[in-house]
1. Pull up all non-local amide H partners of ASP98: gap of 5 or more, or a different chain, and H-to-H distance under 5 Å with H placed in the peptide plane.
2. Residue separation times 0.36 nm, minus the C-alpha to C-alpha distance between ARG4 and ASP192: what's the value?
3. Can you work out the Karplus-derived ³J(HN,Hα) for every residue in region 181-196? Use 6.51 cos²θ - 1.76 cosθ + 1.60 with θ = phi - 60°, whole Hz, and x for glycine or proline.
4. Suppose every K and R has +1 on its Cβ and every D and E has -1 on its Cβ; what is the size of the dipole of region 133-235 about the Cα centre, in Debye to the nearest 20?
5. Rounded to the nearest 0.05, what FRET efficiency is calculated for GLU20 and LYS228 with R0 set to 41 Å and r the Cβ-Cβ distance?
6. So, by mean Cβ neighbours within 10 angstrom, what's the order for 207-220, 187-200 with the highest one leading?
7. If you take the square roots of the eigenvalues of the alpha-carbon gyration tensor of region 162-240 and sort them as a ≥ b ≥ c, do you get rounded (a/c under 1.5), prolate (a/b over b/c) or oblate?
8. What number comes out for the charge environment of VAL155, summing +1 per Lys or Arg and -1 per Asp or Glu over other residues with Cβ under 11 Å away?
Amino acid sequence: MWERESRLNLSVDGLVRIREVCRQRGLTLVVETPLPHLLGGQPDDLAWILDRVPAEGTGICIDTSHCSLGGFLFEALERFGPRLVHLQISDNRGTTDDHLPAPGLAPRPLAAGTLGAIVYPVLKFIFPPPRARGRAKGAVLAARAGELRAGSGKVFPLGTRPAILVHTPDGKWRAFSARCTHLSCTVRYREDMSMLFCPCHDGRFDLTGKNVGGPPPRPLPEHTVVVKGDEVYVTEAEVG
Ligand code: FES
């Protein structure tokens, strides 16, 4: 723990120095959202760092690929959108940082706040808060029942976090947080193993959410599933 805090503080020191060099040259320091398993790669850590770097002359580049791998794209848009000066849009297959080619929206970093003011509302329009798409308060429509055959799963946004809906091989519906309890990568349903799998460090969970292999130290928190006709809802509140 001490080493981690020490490294976060070193990150702050480095950024403050770089920002000063940028300031002397009339440039804006743009901090990119790191990969989720790296230092500062989790939203709380990045916010902690940025809170300690002067906001003036410092902006954020949201890398959609990095945030999607961590399962917190919506959360990153909410928390860092107001400081956005560059958006790097690329895609991946949810397992590695593929950076499939796509142009960024911003041709070059602009003055802090200017681009964010333009792009952030657009992003909010494109990606409306997931809760608004659900029917019951605190619940989201995770899937149509016919969409997921028995023995499959689907990652979906629950609030600002990823969750995973599982249709078990014996026909039950279950839902869990999709944030791995090791370092928060997004877990997937592995049909060939009939379990939940984290690609970052080969973490494994059974279909009750229990950690059964690899480094994850705890089970995945579970959410309540309500099936209404063809609609499968998941509530944000955790079970138990
Ligand atoms: S983040 Fe390490 S196993 Fe999931």
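Quick note: the coordinates plus some simple rules give every number you see, no bench work behind them. Owing to the predicted nature of the structure, the values given are computational and were not obtained by experimental measurement. Note that we place each Cβ from the backbone using ideal geometry, even for glycine, and neighbour counts take in every protein chain shown.
1. Excluding prolines and chain starts, which carry no amide H, the hits are ARG93.
2. Working: separation 188, 0.36 × 188 = 67.68 nm, distance 3.67 nm.
Here the answer is 64.0 nm.
3. 7, 7, 10, 6, 5, 8, 7, 10, 8, 9, 5, 6, 10, 6, 8, 8
4. 360 debye
5. FRET efficiency, GLU20 to LYS228: 0.10.
6. Packing proxy ranking, top to bottom: 187-200, 207-220.
7. Working: a/c = 2.20, a/b = 1.54, b/c = 1.43.
Prolate is the answer for region 162-240, as a/c is 1.5 or above and a/b outweighs b/c.
8. That sum, taken over residues with Cβ under 11 Å, equals +4.
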